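The values are calculated or read from the model by the stated rules, or taken from the named source; none is laboratory data. Please read all numbers here as calculations on a predicted model, not as lab measurements. Here the Cβ is made from the backbone with ideal geometry for all residues, glycine too, and neighbour counts use every protein chain on show. Ligands, DNA and RNA are stripped out before the accessible areas are found, and what is left, the full protein with its side chains, is counted by its heavy atoms. Shrake-Rupley method; radii C 1.70, N 1.55, O 1.52, S 1.80 Å.
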Amino acid sequence: QGDKMLTIKNMSKNYNVEKLTENDIETIYRLCQGNKLYYRYCQAEISREQILSDLYLKPEGVNEDNKYYLGFFKNELLVAVLDILDGYPDEETCFIGFFMVNILYQGQGIGTEIIGSILAYVKKIGKSKVRLGIDKGNPQSKAFWKKNGFKVIKEVESSGGTILLAEKIL
C-alpha cells in the first residue's frame, strides 16, 4: 500500500506517456501558449517559471512519488499535458491538477479520449474516484468535464477566484 507506482505507459494505447521534467519546460510552455482562452479565465500568466513550479507543486502531505506531471506524445509532438496525484485526498482517489490539450488537437475528441483512457486505467488499479478543480468562470472547461461525467460537489474560494471541485465516481 502506498508503494504502488502508477504504470504511466498503461494510461494510453494511442500515445507515448512520459513523465515531464525541467528539460521539457519549453515544450510545455509552447503548448500552454496556444491556449489563450484558458489563461484569460483563470487570470494566470503563462510563464516558464510557473510551469517549473507546477512540476513540483503538490498539496501538503503528498509524497512526491505520487505526483505525475505527464506528457502524451504522438511521435515527437506533445499532444496533451496531465498533472495527476495518486492517492489524494485519500487512498481511493486520484486528483487531476491540470490537463491541457495542444490547440492543434482540440475539438476532435482527443482530450475526451485521453481522459477516458486515464479513468479506465485508474479504475483498473483500484481507485474509486477522480477529483479535480474547474475555474468557475471558464465555460469551456466546465463543459468538457461535465461531458466526461464529472459532477460539481462544491465551490471553493481561492486566490485566483472560485474553483468548482468536481468528481467522478468510477
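Estimated from helical segments only, the mean residue ellipticity of the chain at 222 nm is -8000 deg cm²/dmol, where each DSSP H run of four or more residues counts as -39500 (n - 2.57).
At the residue level, Arg48 shows approximately 100 square angstrom of accessible surface with a 1.4 angstrom probe and all protein chains present.
Heavy-atom accessible area per residue, region 57-155, 1.4 Å probe: how many Å²?
Counting only protein heavy atoms, the per-residue value for region 57-155 is 49 Å².
Here the Kirkwood formula, the inverse mean of 1/r across different C-alpha pairs, assigns region 44-86 a hydrodynamic radius of 11.7 Å.
The alpha-carbon atoms of region 88-166 define a convex hull whose volume equals 96 cubic angstrom per residue.
At a 1.4 Å probe, what is the % contribution of carbon and sulfur to the accessible area of region 11-137? Walk me through the numbers on the way to the answer.
Details: 3090 of 6530 Å².
The value for region 11-137 is 47 percent carbon and sulfur by accessible area.
Placing a pseudo-label 7 Å from each Cα along the Cα-to-Cβ vector at Val156 and Ile169 gives an inter-label distance of 2.1 nm.
Simple rule: put +1 on each Lys or Arg Cβ and -1 on each Asp or Glu Cβ in the chain, find the dipole, and look at Val156, Thr93, Tyr105; the Cα lying farthest toward the positive end is Tyr105. Length available on full extension from Leu77 to Glu64: 0.36 nm per residue minus the Cα-Cα distance, which gives 2.0 nm. The modelled label-to-label distance for the pair Ser47/Asn148, using points 7 Å beyond Cα in the direction of Cβ, is 2.8 nm. Dipole check for the chain: with +1 at the C-beta of Lys and Arg, -1 at the C-beta of Asp and Glu, and the Cα centre as origin, the magnitude is about 860 Debye. Taking Gly133, Gly97, Gly149 as the candidate residues, the one with maximal mean-square fluctuation in a Gaussian network model of the chain, Cα springs under 10 Å, is Gly149.
Could I get the Rg over Rh figure for the chain? Both from C-alpha atoms, Rh via Kirkwood, rounded to two places.
Numbers: Rg = 15.0 Å, Rh = 16.3 Å.
Ratio of gyration radius to Kirkwood radius: 0.92.
Note on Gln140 and Asn35: their simple-model spin labels are 0.9 nm apart, each label 7 Å out from Cα toward Cβ.
Once you have the Cα-Cα distance between Lys9 and Thr112, take 0.36 nm times their residue separation minus that, and quote the gain in nm to one decimal.
35.3 nm
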